[in-house]
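Have a look at the structure below, then the notes.
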Amino acid sequence: MNRQKQCLVLAFWGLAALATGQPFWTEHFDDSFKATTQWTHDGNNAGPSRWEWTDKPADGYVEPGLAPFGAPTAADGYFLFNSDANGPTPHDVWLTNINRPVNCSHRVGVYLRFYTQYIYFSPAGTRAQLGVSTDGETFEYLTLFEGHPANLPFEGWVE
């Protein structure tokens, strides 16, 4: 049986400059109204799942032996897309910051750090990507978790 399942949850985004190591932009998702008005979701998906905000660490993909989402700020709020609940429907979905642009023009050596949980169960070609734009229209994409084996959850900080 060829099933596609993935779960991607995001909590606490932070941008810092390498020279100082101090964050100059952060997002904690701790206010559901602000989070859902400052971030938008879209994409191609005929299934029932959508990006959703929650403050319940046990929401989302559940498997025996898999602990609830353990981000330090998970109980304050995070975004979740549950492909398992979506069924075997192919999808290409995204979550985009629309009201809090990050101006890095006077920064050198900027890096992004966020906490996530990611799981996928086939098919080949399943991927998670991070898009970066300088104009809000054109994005350059970086593939995350490349080479990460199927059926093995990843949870932790991504930098």
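Every number in this text was worked out from the coordinates using simple rules, so none of it is lab data. The structure displayed is predicted, hence computed values, not measured ones. All Cβ positions, glycine included, derive from the backbone under ideal geometry; neighbour counts span all protein chains shown.
Values computed for the structure shown
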read-out	value
Furthest towards positive pole of dipole, 110, 25, 62, structure part segment 6-158, Cβ charges	110
Equivalent ellipsoid dimensions for segment 13-103 as semi-axes, Å, which come from the Cα gyration tensor, largest first	26, 18, 12
Net dipole in debye of segment 6-158 [+1 Lys, Arg Cβ; -1 Asp, Glu Cβ; about Cα centre; nearest 20]	220
Residues 140, 155, sorted so that the one with the fewest Cβ neighbours within 10 Å comes first	140, 155
Sorted by Cβ density within 10 Å, fewest first, the residues 113, 107	113, 107
Ranked 56, 34, criterion: other C-beta atoms within 10 Å, fewest first	56, 34
Stokes-Einstein D in µm²/s, Kirkwood radius over Cα pairs - segment 40-93 at 25 °C with 0.890 mPa s viscosity	202
Ratio of Rg to Rh over segment 6-158 (Cα coordinates, Kirkwood Rh, two decimals)	0.95
